[in-house]
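The values are calculated or read from the model by the stated rules, or taken from the named source; none is laboratory data. What you see is a predicted model, and the numbers here were worked out from it, not measured in a lab. Cβ: placed from backbone, ideal geometry, glycine included. Neighbour counts: every protein chain shown. The area values use the complete protein model at the heavy-atom level, side chains included, leaving out ligands, DNA and RNA. Shrake-Rupley method; radii C 1.70, N 1.55, O 1.52, S 1.80 Å.
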Amino acid sequence: MRLLALLLAGAVVSGVAERAAAPPPPPPAPPIPLDVEVARLGDAGGPTLQLVRRPGAALARVEIVFLTDGLVAAGSVQGAELDALGAWWTERARTRAPALDPAGVIVSAGCDAAACRVGAVGPTAALRIAADGVADVLASDAPPLAWWSAWRRAAVDAWRTDWLSPAIVHERAVARAWFPARSARRRDADPRALRPMDVSRAASRVLRDTAALVTVIGDVARAELEPHLAAAFGRYTGARRADERTPQPPAAPRAILVDDPGADPVAVTLLWASPGAASPGQPGWQLVADALVGGFASRLNLRLREERGLTYAVRGSYVEAAAAGWTRIDTYVPASRLTEALLALDEELERMRREGPSAAELEAARSHAWSGPDAAIGASHEVARALFAAWRHGLPPAYFQARLGAYAAVTLDDAHRAAAEGLAAPRLLVLTGDSDVTLPAARAAGWTSATSWEACEAVYGGGCP
Amino acid sequence: MIVVLLSLAAAETMHRALPNGARVAASEVAGARDVALVVHVACGSADDPPDRRGLAHLVEHVAYTGSAHAPGGAGDAWIRAAGGETSAWTTADALVFAARAPREALPLLAYVESDRLGWPTPTGTSLAAQQAVVERERALRGAEAVLAAALGRLVHGPDHPYARSVLGERSGVARATVDELRRFTARCFRPDRLRVLVTGPPPVAALLEEVATRFAELPASPREEPPPLAWAPQPANTDGAPARERGEGPRSGRWWLPLAVYPPHLRVAWALPESATRIPLEAAAAVLGARLEGRGARVGWFLGPRGGRLELRVEKPGPVPVARLRAEAAALAVRGPSAAELAAWRGSARTRDLVRLEVPLDHAELRMSCWVEDGRPDCVEGRWAAREALSADEVRDAARRFLAWTDAVTLFAGPRRRLGGAALSEGP
């Protein structure tokens, strides 16, 4: 066995000597410019049309998105009504499938907290069929009683028992802590009082009272398609409303401890305020955030996962709403090592705040930004998502691509300043786990201001249904 | 070396067999800026030694801690610096390593990925760190992993590789040594077990050449074959009466797995034999899925070199629609799909493929999976033709053969028994 090991080692050593060194990483490649044509559909101020021509593309995509955020804020539509509408449009898309799928057109639909979306993808030659499929979903009548009864029963069952899912409990707790006013309105996600006419009412308000964006991506000329799209969607003339995604960050570090008896691992989320979409500090913070938590090679993953085995992954996101932004970090850690993990997170965030990213980290983050979603270089649904994100903020369609130039201009000093400013805001910590574990761990890690919630309080804002 | 040029409507594809036994292919993604590189190693958790379940998955993790010419994770840092990213996963049948980056970084991708396989350097430090990470992963997947393992044991039999979790067993992972990792990689990271696929913008010949150059540097596979697997194939469920009489093979009927999982999970599953053919099965699964979608059920299935499994999945609170699932499966086996359903499947399946083919990494994953199964990298386009030629009778026959309710395993996982059936503890 020892002789075999020596032979193997020798083979490896001789292999090492024979191979040339790795080629150096090439300089970051700029994104392909996104050529977007913008127009308004119809004669009466219909939806904005953004068309991206991709010569030679086999597939085409058409979608319409209605911004529902402002409707909920104004109390015109309740959260449960939007949930029901999304489900009904999804069912409508499904029932249309036998007629559309033979042409290769797949229609999908759904509503979330921010928007209702109906879209279709299929061969370029079937783009008009795809647009008609989308229009057909939007023109749905009220749902039939049989479907409604089954859906409502399932929705009530799910709503009643949401508090049993640790993942749902944690997400609701994070939302309630970070958007308390919005969460108070979402208490109306109770589906028990819904009726079929509520779905029709919600649909008419969404279609009439919200701004809409129509996105088309494919090998298609605007001139030949625009009349068809105007006929299908030109009647949706709603106006834009204010983006209500305004968080309420804490004035001082604050911890929310949601009790989940016996839970192991513990769900950990950290949030803090960050630059908004149009802020001059956005490019610098984007790169710092990427260095901190962008992928398995980011700093938090290297320290907490690779070096210390504290977690399977640290995931992060930086959201830039129009008025304000925020950064969020999520991970799961073993209950037995929760204190260690909280201290390690704090230590790494403070180190980044004091020292900023290294030159290598900054360059890697810059390269990553040029290859990420902002570059809008991937699949048609990724391009559509990037266009929607810009439009949602009231920004020009190529905003994200234009911002890539700003990333190139961020110096190491800029990044250090961005880290110092971006990590100065008080943080919110949300832990979902056994309170016998989370409370002492939070205190040991220096979180002196802690509020305890039961699961039902996190989900419903009060007692269990 | 054999260079094969296949020019098709969807994508130009070339492939080549290298002198060291590795197989390399390249496929075009028109208009893409990036490239993707996927390496398939024909060695997975089915090759775990019996007392080291989870070794293959551990090897996957340790492979990212460095190699001889890219030590300490330098390779992944270089790829990230070039604007790319890497990932990997383990199945019962394979280890798969994937990377994506701008086109200009392809020589670097090929270097790093070939070095990872040709010159692995596991150490005690890297092993210990990854053992901890794997345990974090096990804790995260928790109930889902228990459910999958229980279902696998019921459907395939307790000794079948598809009955085991890729994550393995805590004791097996904890006791693994560096020597065992080295032996496993020596046995599995052989060029003759590698398929390498690169996708990206044309010219395809350049993509192929840059990747082949690097993978040709891997030392040739030793003459002798590694020792065969200890596991022997089980009889297919439809022919498996002797197996069931021996208490081996699928355990059809109803089972309850007491599990603190929300929402409760229902699984109705059938074992698929190694002889099952893909296209009729794909059609049957798609038609059944479309019929059940409105009732909150989804269909999932896989087919590998050791057989496969088809599952109906329901994950929601409230009544459990077993009778409806049974009725739909029976209807498909008796009458087959309608012409409209078959046409809908053909159209939507092709569009779904095209959606994946738009993006280099998705394209590479799709083409690699069918290359492994069908034996040639232009298989995607071949499947389109096979779908067009498939008849409703063939779909009906597949449903009749593979979806007999008497062969189904019905497993309900939740805190309370809902369907009757025997209770499972750690397994049947």
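So how many residues does region A:55-73 have that are among the small types (Gly, Ala, Ser) and touching a Gly at 6+ places or on another chain (Cβ under 6 Å)?
The total comes to 2.
Can you tell me which residue in region B:131-142 is surrounded by the fewest Cβ atoms within 10 Å (Cβ to Cβ), limited to those that are within 23 Å of the chain's Cα centre (by Cα) and facing chain A (nearest Cβ under 7 Å)?
Step by step, filter region B:131-142, then rank; the result is B:Leu140.
Among what's in region A:253-269 and is more than 14 Å from chain B (Cβ to nearest Cβ) and surrounded by fewer than 22 Cβ atoms within 10 Å (Cβ to Cβ), pick the residue that is nearest to A:Gly433 (Cα to Cα).
Only one residue fits best here, namely A:Asp259.
Provide a single number: the residues in region A:123-133 that are away from every other protein chain (no Cβ under 14 Å) and either surrounded by fewer than 19 Cβ atoms within 10 Å (Cβ to Cβ) or more than 17 Å from A:Ala384 (Cα to Cα) (or both).
2
Has region A:360-369 got any residue that is of a type in the set (Ser, Thr, Tyr) and at pLDDT 95 or above?
no
Regarding region B:330-341, can at least one residue be identified that is within 14 Å of chain A (Cβ to nearest Cβ), open to solvent by 20 Å² or more (accessible area, probe 1.4 Å), touching a residue at least 40 places away in the same chain (Cβ under 8 Å) and in a helix (DSSP H, G or I)?
Yes - at least one qualifying residue is present in region B:330-341.
Before we move on, is A:Ala390 under 30 Å from B:Leu357 (Cβ atoms) and without any contact (Cβ under 8 Å) to a residue 40 or more places away in the chain?
Spelling it out, A:Ala390 is indeed under 30 Å from B:Leu357 (Cβ atoms) and without any contact (Cβ under 8 Å) to a residue 40 or more places away in the chain.
For the list (1) part of a helix (DSSP H, G or I); (2) surrounded by fewer than 16 Cβ atoms within 10 Å (Cβ to Cβ), I need the number of the one condition that A:Arg192 fails.
Against the list (1) part of a helix (DSSP H, G or I); (2) surrounded by fewer than 16 Cβ atoms within 10 Å (Cβ to Cβ), A:Arg192 comes up short only on (1).
Go through region B:296-317 and give me each residue that's within 14 Å of chain A (Cβ to nearest Cβ), open to solvent by 30 Å² or more (accessible area, probe 1.4 Å) and out of contact with any strand residue (DSSP E or B) (no Cβ under 8 Å at 6 or more places or on another chain).
Result: B:Lys316, single match.
If I filter region B:75-110 down to residues being at the interface with chain A (Cβ under 9 Å from one of its Cβ atoms) and assigned to a strand (DSSP E or B), which single residue comes out as nearest to the chain's Cα centre (by Cα)?
The selected residue is B:Ser87.
Condition test on B:Ala30, is it in contact (Cβ under 8 Å) with a residue 12 or more places away in the chain, more than 12 Å from chain A (Cβ to nearest Cβ) and among the small types (Gly, Ala, Ser)?
no
Filtering region A:312-339 down to residues that are part of a loop (DSSP other than H, G, I, E, B) and touching a residue at least 40 places away in the same chain (Cβ under 8 Å), which residue is farthest from B:Thr86 (Cα to Cα)?
The selected residue is A:Ala323.
Between a residue in region A:436-465 that is in a helix (DSSP H, G or I) and any residue that is modelled with pLDDT under 95 and exposed (fewer than 14 other Cβ atoms within 10 Å of the Cβ), which pairs come within a Cβ distance under 6 Å, given they are 6 or more apart or on different chains?
Listed by first residue and then by second, the contacts come to A:Cys456/A:Gly463.
Please tell me if B:Gly347 is surrounded by 21 or more Cβ atoms within 10 Å (Cβ to Cβ), of a type outside the set (D, E, K, R), more than 30 Å from B:Leu95 (Cα to Cα) and within 11 Å of chain A (Cβ to nearest Cβ).
yes
Filter region A:449-465 down to the residues that are under 24 Å from A:Ala273 (Cα atoms) and out of contact with any Pro (no Cβ under 8 Å at 6 or more places or on another chain), then identify the one that is most open to solvent (accessible area, probe 1.4 Å).
A:Ser452
Restricting to region A:241-252, and then to whatever is open to solvent by 50 Å² or more (accessible area, probe 1.4 Å) and modelled with pLDDT of 90 or more, can you tell me which residue is nearest to the other protein chains (Cβ to nearest Cβ)?
The selected residue is A:Pro249.
For residues that are assigned to a helix (DSSP H, G or I) and out of contact with any Asp or Glu (no Cβ under 7 Å at 6 or more places or on another chain), scanning just region B:350-360, find the one that is farthest from the other protein chains (Cβ to nearest Cβ).
The selected residue is B:Asp353.
May I ask you to list pairs of residues, at least six apart or on different chains, whose Cβ atoms are under 6 Å apart, with the first in region A:132-143 being farther than 15 Å from A:Ala103 by Cβ and free of Cβ contacts under 8 Å to residues at least 40 places away in the same chain and the second being in a helix (DSSP H, G or I) and small (Gly, Ala, Ser)?
none
Can you tell which of A:Asp141, A:Asp157, A:Asp136, A:Asp112 is at the interface with another protein chain (Cβ under 9 Å from one of its Cβ atoms), open to solvent by 20 Å² or more (accessible area, probe 1.4 Å) and acidic (Asp, Glu)?
After ruling out the rest, the residue left standing is A:Asp157.
Please work out if A:Ala97 is out of contact with any Pro (no Cβ under 8 Å at 6 or more places or on another chain), free of Cβ contacts under 8 Å to residues at least 60 places away in the same chain and closer than 20 Å to B:Arg352 by Cα.
Yes: the conditions hold for A:Ala97.
I'm trying to understand the selection: among the residues of region B:269-295, which are under 23 Å from A:Val107 (Cα atoms) and either surrounded by 22 or more Cβ atoms within 10 Å (Cβ to Cβ) or β-branched (Val, Ile, Thr) (or both)?
Once the filter is applied, which keeps residues that are under 23 Å from A:Val107 (Cα atoms) and either surrounded by 22 or more Cβ atoms within 10 Å (Cβ to Cβ) or β-branched (Val, Ile, Thr) (or both), region B:269-295 yields B:Ala283, B:Ala284, B:Ala285, B:Ala286, B:Val287, B:Leu288.
Can you name every residue in region A:301-311 that is surrounded by fewer than 21 Cβ atoms within 10 Å (Cβ to Cβ) and either of a type in the set (Gly, Ala, Ser) or outside any helix (DSSP H, G or I) (or both)?
The answer is A:Arg308, A:Gly309.
Every residue in region A:276-300 that is surrounded by 23 or more Cβ atoms within 10 Å (Cβ to Cβ) and part of a loop (DSSP other than H, G, I, E, B), please.
A:Gly294, A:Ser298
Just checking, how many residues over region B:100-130 are open to solvent by 30 Å² or more (accessible area, probe 1.4 Å) and of a type in the set (S, T, N, Q)?
3
Have a look at A:Ala84, A:Ala120 and point out the one that is over 25 Å from A:Gly218 (Cβ atoms) and buried (at least 20 other Cβ atoms within 10 Å of the Cβ).
A:Ala84
Residue pairs, Cβ under 6 Å, 6 or more apart or interchain, first in region A:213-227 and part of a strand (DSSP E or B), second among the small types (Gly, Ala, Ser). List them.
A:Thr215/A:Ala384; A:Ile217/A:Ser380; A:Gly218/A:Ala57; A:Gly218/A:Ala60
Can you name the residue in region A:90-109 that is outside any helix (DSSP H, G or I) and open to solvent by less than 30 Å² (accessible area, probe 1.4 Å) and is also farthest from the other protein chains (Cβ to nearest Cβ) among such residues?
Result: A:Ala109.
Could we say that B:Ala230 is open to solvent by 50 Å² or more (accessible area, probe 1.4 Å), within 12 Å of chain A (Cβ to nearest Cβ) and at pLDDT below 90 here?
Against the criterion (open to solvent by 50 Å² or more (accessible area, probe 1.4 Å), within 12 Å of chain A (Cβ to nearest Cβ) and at pLDDT below 90), B:Ala230 does not qualify.
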